[in-house]
1. Take residue 41 and decide whether it is loosely packed, with under 11 Cβ neighbours inside 10 Å and modelled with pLDDT of 95 or more.
2. Looking only at region 1-30, count how many residues are loosely packed, with under 10 Cβ neighbours inside 10 Å and assigned to a helix (DSSP H, G or I).
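The values are calculated or read from the model by the stated rules, or taken from the named source; none is laboratory data. Everything numeric here is computed off the predicted structure, so don't read it as measured data. Here the Cβ is made from the backbone with ideal geometry for all residues, glycine too, and neighbour counts use every protein chain on show.
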Amino acid sequence: MPGSRTGDAEVDRMLERLDGLDERPVVEHVQVVEQVHRDLEAHLAGQDED
């Protein structure tokens, strides 16, 4: 997702952790994707409070 921009700097930083995932061992993919997913969920839940 290089160059991908959402308009939300925090979300962009989270998604940047997926960049280069294809170069990492497959066994690491699930852990990285799940952590990004949890972080995005937490961020979005916080948006509901605003």
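1. Numbers: loosely packed, with under 11 Cβ neighbours inside 10 Å: yes; modelled with pLDDT of 95 or more: yes.
Criteria met by residue 41.
2. The number of residues fulfilling the criteria is 6.
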